[in-house]
Every structure is written in structure tokens, then in C-alpha cells.
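Working notes, beginning with the structure itself.
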Amino acid sequence: MPRILIWQHALASLAQITAHAYYLDMSAPLIDPFARAINYLRVSVTDRCDFRCVYCMSENMSFLPKKELLTLEELDRMCTAFIQLGITKLRITGGEPLVRRGIMTFFDAMSRHLSSGALKELTLTTNGSQLAKYAQPLADAGVRRINVSLDTLDDAKFAEITRWGRLSQVLNGIDAAQKAGLRIKINTVALKGFNEDELFTLTSWCAERDIDLTFIEVMPMGDIGNEDRLGQYWPLKDLRATLAEQYTLTDLPLNTGGPARYVALEETKQKIGFITPLTHNFCESCNRVRITCTGEIYTCLGQEGHADLRAPLRSSEGDAPLIAAIHAAIGQKPKGHDFDYSRQRLDGQVSRHMSHTGG
Ligand code: SAM
Ligand code: SF4
């Protein structure tokens, strides 16, 4: 064979090998630099909300122009790309996800990944205000479990903490969700001097309704106006100790890859969760990343580092640039967060709101 042909042949083979390696890399599962497999994606579909919870937003929040948000079609493409890369659990959040116009189109579209078996769980975190309307359509789309945020069972306190919400609206939503067969977990932010006195009421209310309950420590995120975060901070170890005065607590060996730890209450057989990102280090088993409503990826809730996925998504009709950007971002996932309330300082405070990244 003439030498020039040998060279051409060799170069063509090299190109093929490189393309193959590139393809392999592109479809490789998402493993971060600390060998953590990423299989859980949380997606914020809007930064808007019909409530103004005092620990989450200031009353006069300014929201993003609508054109900044990913469209429903773009959200579909983004989530589908992640699912192809091994995401098996998808949680939709916000802001309030159910105030996003046309949101059921998105849930209905995502249900195809449940049918194919690629996605194991499609779920959402909601304030419950729109559940009366959406519980059944969500169940029809394949949602089986939802998280509903509820900090108090007292009408006046509910109005105080959410500023704009009504308790009855949320309770009706919870009823509708149970009627539609959705399993509910209540998320309650533990707030000193606010819901300390409702610990047992909330616990038995959930037991009566066969609803799971998880308490969350308040996190130092975003400017919330005049609210005092250290004043709000009720450490969950104190909450747990109070709970133990009336119930027998048994630690459960459940590890969801996140910051939640669970106990069983022997008397009621309830499962109670504690999310303590500030007092426990859960980072070594972290399996999740977050996408904001503008298509930024945050690989750690407690760090400012993020990357833009919207530009690569919009740059091409094919997904290659997007997938390359996802791999690059996962390759930068930090080891852990820096939140620390110790010595009465808010070390590691991050400037964005929880409603931006999604809780
Ligand atoms: N609007 C929906 C809701 O309230 O469930 C979803 C988004 S919200 C940001 C998600 C969760 O974050 C809620 O359970 C809320 O209580 C929690 N959250 C918001 N700000 C928080 C903060 N500063 N510290 C701890 N939890 C917070
Ligand atoms: Fe809205 Fe949820 Fe934030 Fe409350 S916690 S203001 S319901 S986004």
C-alpha cells in the first residue's frame, strides 16, 4: 500500500477511535470527582410564588423577567438529557412550581420517562396552595409522592409566616392529594419561638392522617429583609430531645443521599425526618444537583459555584453541547458546603434565595 494511503488509513482510524471515546464519555454516567454517583436532579421551574414566607423571601421580592426562564420545551430537553445520563429521581420545585403556567404539560411530558422505566420517581415540593386543582392531574401523570411545606396548623400564624397564604387553602389541597392517592410528606421549618409549641400537635395531626413529617433547620440563604435568622434558628437536636419526652425514638438506617436522617416513633409507628444541613455533614453521600429556572446548574446547595446550561442548550438543536456542559459541571462538584451557625456567626451564608435554586 502506498505510504500516503497508510497514513490516511491510520488517521481515519484515529478519528474513529476519538469519536468513539468522545461518544462514550458523553453518555457516561454522572460521577463527580469524589466518586459520588449523581442520580437525583432537582429542577426549579419558576422563581415566582403566591406566598412570601418570612424565612424565604422578602415581601417585595423582584422576580426575573419571563424571557430569562427556560421554556417548558427547554425544561423537557434539559431533564431528558439528565435522564439519559442516569438521573432516576426528578423533583420539581421553585418558587412555587404549581404557579408556573402550563406546568401540567411538563409533568405529562415527563411521564414518558416513567413509562420507559428510565425515571424511577417524578415528584414535587409545593406549598400546597394549588393542590386542590392539580392533585389528580399529577397522580395521572405518574406522581406518587409529594412534599408539602407547612409550618403551623394555626390560621393566624400561617398568615403571619407565609404573609400571603391561607391555611384552609393548603389543608384542602392536602385532602385532595390524599384523595388522589398521593403519599404526602410534610416539611416543617423549625422556627424558634414560632412553632416550638406545635411540635406535638403537628406530630399527632400527621399521625392521624398517615402523613410523614420532616423538620428542616432554617438555612442562611438570601436577603430576607428584617427577619433575624439567628433568632429563627431552632436546632433540631433540641427539637428531637423534646420529641423524646413523649415518644420512644428509634433511629432508622435510611440514607437517601441527602441531609435527612429518620427516626421511627414507636408509639405511633410514624417516620419523622430531620434535615440538619447546618449541624451535620451529609456531603460525603451527596447524590444530587440542582437546576435553576434560568438553567444554571448548582452542584452544591451551600456554595455559590454554578455553571450556565442555558447557553449550550440554546446553542444547538442537538444535545451534544449541553451534555458536554453537564459533564464539565459535575466534574467541578465541590466536596461540601460551608454553612456554620457556630459562635453566633453566619459563616458560609449564600446570597441567593432558596426560591432561586429550589429547596
Ligand atoms: N414553594 C414550594 C414550597 O414551599 O414547598 C417549593 C420551594 S421552597 C423554596 C422549598 C422548601 O424550602 C420549603 O419546604 C421551604 O420551607 C424551604 N425553605 C425556604 N427557605 C428556607 C430557608 N431559608 N431555610 C430552610 N428551609 C427553607
Ligand atoms: Fe414560596 Fe416556598 Fe418560598 Fe414559601 S418557601 S415563599 S411557598 S417558595
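The values are calculated or read from the model by the stated rules, or taken from the named source; none is laboratory data. As the structure is a computational prediction, the values presented were derived from the model and not from experiment. Methodologically, a virtual Cβ is constructed for each residue, glycine included, from the backbone with ideal geometry; neighbour enumeration extends over all protein chains shown. When the accessible area is computed, the model is the full protein with side chains, heavy atoms only, and any ligands, DNA or RNA have been set aside. Shrake-Rupley method; radii C 1.70, N 1.55, O 1.52, S 1.80 Å.
Results, tabulated for the structure shown:
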item: Listed residues 110, 219 arranged by accessible area, highest first, probe 1.4 Å; result: 219, 110
item: Packing-based ranking, highest mean first, of 141-153, 113-125 given that Cβ atoms within 10 Å are counted; result: 141-153, 113-125
item: Simple label model, 7 Å out from Cα along Cβ direction - residue 178 to residue 101, nm; result: 3.5 nm
item: Rounded accessible area per residue of segment 29-357, 1.4 Å, Å²; result: 42 Å²
item: Estimated FRET transfer efficiency when R0 is 45 angstrom, pair residue 205-residue 66 (beta carbons, to 0.05); result: 0.75
item: Whole-angstrom Cα spans of segment 91-198 along principal axes, big to small; result: 48, 25, 22
item: Net charge contributed by nearby residues that have their C-beta within less than 11 Å of residue 42 (K/R +1, D/E -1); result: +4
item: Peptides 255-263, 197-205 ordered by average Cβ neighbours within 10 Å, highest first; result: 255-263, 197-205
item: Approximate spin-label separation residue 335-residue 245, in nm, with each point projected 7 Å along Cα-to-Cβ; result: 4.0 nm
item: Cα centroid separation - segment 318-333 against segment 91-109, whole Å; result: 24 Å
item: Hydrodynamic radius of segment 232-305 per Kirkwood, over alpha carbon pairs, in Å; result: 14.3 Å
item: Length added when fully stretched, residue 121-residue 27, from 0.36 nm per residue minus Cα-Cα; result: 31.7 nm
item: For residue 64, net neighbour charge (Lys/Arg +1, Asp/Glu -1) across residues whose Cβ lies under 9 Å away; result: +1
item: Given 89/133; 133/333; 67/157; 237/335; 237/269; 157/237, the pairs whose alpha carbons are separated by over 27 Å; result: 133/333; 67/157
item: Computed over segment 29-357: relative contact order in percent, which uses C-alpha pairs under 8 Å that are six or more apart; result: 21 percent
item: FRET efficiency estimate (nearest 0.05) - Cβ-Cβ, residue 238 to residue 166, R0 41 angstrom; result: 0.85
item: Nearest-0.05 FRET efficiency for residue 285 and residue 315, computed from C-beta distance (R0 35 Å); result: 0.55
